[in-house]
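Enquirer: First the structure, which I've put down as structure tokens, then a few questions once you've had a look.
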Amino acid sequence: MIQVAFYDTKAYDKPSFARYGALRNVQFRFLETKLNEDTVDLAKGCDAVCVFVNDIVNDKVIAKLYAYGVKLIALRCAGYNNVDIRSAFGKVHVVHVPAYSPYAVAEHAMALLLTSVRRIHKAYNRTREFNFSLNGLTGFDFHGKTVGVIGTGKIGTIFLNICRGFGMHAIAYDRYPASDSDIEYVSLDQLFAQSDVISLHCPLTDETRHMIDASAIEKMKKGVVLVNTSRGALIDAEALLDGIKARKIGAACLDVYEEEADIFFEDRSGHILNDELLARLISMPNVIVTSHQAFLTEEALNNIAETTVGNLLSYFENDGICDNELCYRCGSIERCKKERKERCF
């Protein structure tokens, strides 16, 4: 039986992972704590660890996992910016879930956008107090507006098509444009200048970190609406706040935040929030923040568990070969040039 230390466990994780694990001879050791240098010892005796977006898998953690004989780091998400892939190479293999439910994230992005633009959250709070005034609830039509989509992988493309369904003109930017598609690609500066709405759907890398900074915001239309359901550090939060205060940014819809690791996924309602920047953002009337929940649908949770267990079995029962491995062997983490017919190391 494959033994797996499952870090940062939440109540919604257990049913699907326990079910698929029992079916495929995988035993999960569910741990509430996040993986970091202080908790890595809990993985002793395990064949693999299963981690999420806010677990810290740096070079020191990887060195300890390797020393303990852990052979696989199984991410139960698509993003891997919290894992030092370079340090892992040659020591511990890393796999991820490249697609679990792109519809879930894309639909949540549109839900945030609709809620913000049509002031649905404000109307909901008012009517619960029997206040039926329409003052301050004026929005704008999506039809005829321009949406700029940054990143046209599965999620970005689905979101782009949803926007087209509203009659929006969709433009996009991607370092690796999709071939044989009907997507209208433009430069990043053109996207900033032309878009009424900008939605981020790209991974967090050294090149994309703070791609939305003060300089980028300055190039945008006055009143632009920003949507981020990808990774918090794509946006410089200080620059975002300044842009909102300057009335340059009309609204921000955020499901992620750069310093979310010790805040999101937890109930902080009885505590003083120490992150003053996040507190100030949340206090703004034109900012909506959800706690990294875009992925959270029944379909997505089921697919995440099924794919993660499949990755574990593929590695341990297929001579270390897994289609969803992340490594540096071919010079690219995901775009591996070799066919998956041999081990990465």
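The values are calculated or read from the model by the stated rules, or taken from the named source; none is laboratory data. Please read these numbers as outputs of a predicted model, since none were measured by experiment. Because the Cβ atoms are built from the backbone with ideal geometry, glycine has one as well, and the counts that use them run over all protein chains shown. In case anyone asks, the SASA skips ligands and DNA or RNA and just uses the protein heavy atoms, side chains included. Shrake-Rupley method; radii C 1.70, N 1.55, O 1.52, S 1.80 Å.
Enquirer: Is there a quick way to get the dipole size of the chain? I mean about its Cα centre, with the Cβ of Lys and Arg at +1 and of Asp and Glu at -1; what is the value in debye to the nearest 20?
Expert: Details: 39 positive and 45 negative charges, 82 e Å.
Roughly 400 debye for the chain.
Enquirer: When N is the residue count of region 260-326, what does its C-alpha Rg come to as a fraction of 2.2 N^0.38 Å? The partial results should precede the final answer.
Expert: Working: Rg = 18.6 Å, N = 67, 2.2 N^0.38 = 10.9 Å.
After normalising by residue count via 2.2 N^0.38 Å, the value is 1.71.
Enquirer: Here is a further query. Using a 1.4 Å probe, what is the accessible area per residue for the chain, in Å²?
Expert: Working: 16670 Å² over 345 residues.
Value for the chain: 48 Å² per residue.
Enquirer: Now a separate question. Work out the charge dipole of the chain with +1 on the Cβ of Lys and Arg and -1 on the Cβ of Asp and Glu about the Cα centre, then indicate which of Leu240, Leu301, Ala104 is farthest towards its positive end.
Expert: Selected residue: Ala104.
Enquirer: Under 21 Å between C-alpha atoms is the cut-off here; go through region 121-261 and count lysine pairs that meet it, provided they're at least eight residues apart or on different chains.
Expert: Taking region 121-261 as the scope, the lysine pair count is 11.
Enquirer: On to the next question. Using all alpha carbons of region 145-292, what is the percent of pairwise distances in each 10 Å bin, ordered from the shortest bin to the longest?
Expert: 11, 43, 33, 11, 2, 0
Enquirer: Separate question: Order of 172-178, 133-139, 104-110 by packing, highest average Cβ count within 10 Å first? Walk me through the numbers before you get to the answer.
Expert: Working: 172-178: 15.7, 133-139: 9.7, 104-110: 22.7.
Final packing ranking: 104-110, 172-178, 133-139.
Enquirer: For the chain, what does -39500 (n - 2.57) per DSSP helix run (n ≥ 4), summed and divided by total residues, give at 222 nm, in deg cm²/dmol to the nearest 500? Write out the running numbers ahead of the final one.
Expert: Details: 11 runs with 109 residues, N = 345.
Rounded to the nearest 500, it is -9000 deg cm²/dmol.
Enquirer: How large is the charge dipole for region 15-143, taken about the Cα centre, if only the Cβ atoms of Lys, Arg (+1) and Asp, Glu (-1) carry charge, to the nearest 20 debye?
Expert: Numbers: 16 positive and 11 negative charges, 44 e Å.
With Lys and Arg at +1 and Asp and Glu at -1, about 220 debye.
Enquirer: Let me ask something additional. By a straight-distance test (C-alpha under 21 Å), which lysines pair with Lys64 as possible cross-link partners, with residues fewer than eight away in the same chain excluded?
Expert: The reachable lysines, counting only those whose Cα sits under 21 Å from Lys64, are Lys34, Lys44, Lys91.
Enquirer: Report the Cα-based extents of the chain along its three principal axes, largest first, to the nearest Å.
Expert: That works out to 62, 50, 34 Å along the principal axes.
Enquirer: With unit charges on the beta carbon (Lys/Arg positive, Asp/Glu negative), name the residue among Asn131, Val51, Val95 whose Cα is farthest towards the positive pole of the charge dipole of the chain.
Expert: Result: Asn131, furthest along the dipole toward the positive end.
Enquirer: Can I ask one more? Which three semi-axes in whole Å describe the equivalent ellipsoid of region 212-342, each the square root of 5 times a Cα gyration tensor eigenvalue, listed largest first?
Expert: 37, 20, 13
Enquirer: Roughly how many Å is it from the Cα centre of region 193-209 to that of region 40-83, as a whole number?
Expert: Result: 28 Å between the Cα centres.
Enquirer: What's the carbon and sulfur percent of the chain's accessible surface, probe 1.4 angstrom, rounded to a whole number? Each step should come with its number before you reach the end.
Expert: Values: 8130 of 16670 Å².
Taking all protein chains in place, the chain shows 49 percent carbon and sulfur surface.
Enquirer: Assuming a ≥ b ≥ c are the square roots of the Cα gyration tensor eigenvalues, decide whether region 52-190 counts as rounded (a/c under 1.5), prolate (otherwise, with a/b larger than b/c) or oblate.
Expert: Values: a/c = 3.51, a/b = 1.71, b/c = 2.04.
In terms of gyration-tensor shape, oblate.
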